[in-house]
Amino acid sequence: MSCTKTMSLDSYASLATLPVIAAAGGFGVMVDTLQADIVYQDLSLTIGTGSSTNLSILGGGEFTVAVSGSNFQIANSSADKMRVLNRVSSSKGYGGLDLERFDEGEKISLGSSSKGKSRNFAKSGVGDAFATSGEGPESGYVGFGIAREEGINYGWIALEWDGSNLTIDGYAYEDAGGTINAGTIPAPGAIGLLGLAAGAAGLRRKRQG
């Protein structure tokens, strides 16, 4: 894994002929046996209202995660090496602050969304898509990208939001270059399959409890 030069995600998008940025329920655990170069970190970090923390993504940089009032925000606190994915419409334009909320198994990438809006990178995003409306905690995934010499490495952050407390359950990114599906973790060896299944079941129970 080499990283000898830092560039913005906007530059990588142009080099990769991706779309021009300026124009533009509960958790499970998925195992993708075709993606062996996934870096995964399990977490159980809760941030209360009026608080903030820096989330370090190994090999990428840091995001500042802050909770204020009835919403939360994720912003890149390091250089322009990492950006979160947001949803924008033609009326809102580049720089819209709404975080893109991904469902488990959904492909994380730039471009069109099945939800009817385009996906772009932003330096920060607000969690409007996780609004609870007083109906209990909302779970989902936030997508992000890490700028590398070889291109953009995509990743996800697992979140649960109850309107005043934000819990980060973990994150993962594709280290070999390319997209990743929300919730995908590294493929285990044959011996570790049963252990992973048991661990995943426990993780689900913990999140549902």
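Which distance in nm do the two modelled labels at Asp103 and Thr64 give, with both placed 7 Å along the Cα-to-Cβ direction?
The modelled label-to-label distance comes out at 3.4 nm.
Each residue of the stretch 98-104 in turn: what ³J(HN,Hα) in whole Hz from Karplus with 6.51, -1.76, 1.60 and θ = phi - 60°, glycine and Pro shown as x?
For the stretch 98-104, the Karplus-derived couplings read 6, 5, 6, 9, 9, 8, 4 Hz, x marking Gly and Pro.
Whole-Hz ³J(HN,Hα) for each residue in the stretch 63-73, computed from phi via Karplus 6.51 cos²θ - 1.76 cosθ + 1.60 with θ = phi - 60°, x for glycine and proline: what do you get?
Per residue, the Karplus-derived 3J(HN,Hα) values read 10, 8, 10, 10, 10, 9, x, 9, 8, 9, 9 Hz.
Ordered by residue, what ³J(HN,Hα) values in Hz, to whole numbers, does the stretch 160-174 give under the Karplus form 6.51 cos²θ - 1.76 cosθ + 1.60, where θ = phi - 60° and Gly and Pro are x?
9, 10, 10, x, 9, 10, 10, 10, 9, 8, x, 8, 7, 8, 8
If each of Glu150 and Asp128 carries a label point 7 Å out from its Cα toward its Cβ, how far apart are those two points in nm?
3.7
Using 7 Å Cα-to-Cβ label points, what is the Ser164/Leu45 separation (nm, one decimal)?
With each label point 7 Å from Cα toward Cβ, the separation is 2.3 nm.
Read the figures in this text as sums done on the coordinates, not as results from a lab. Being a predicted model, the structure only gives us computed values, none of them experimental. Cβ atoms come from the backbone with ideal geometry, glycine included; neighbour counts cover every protein chain shown.
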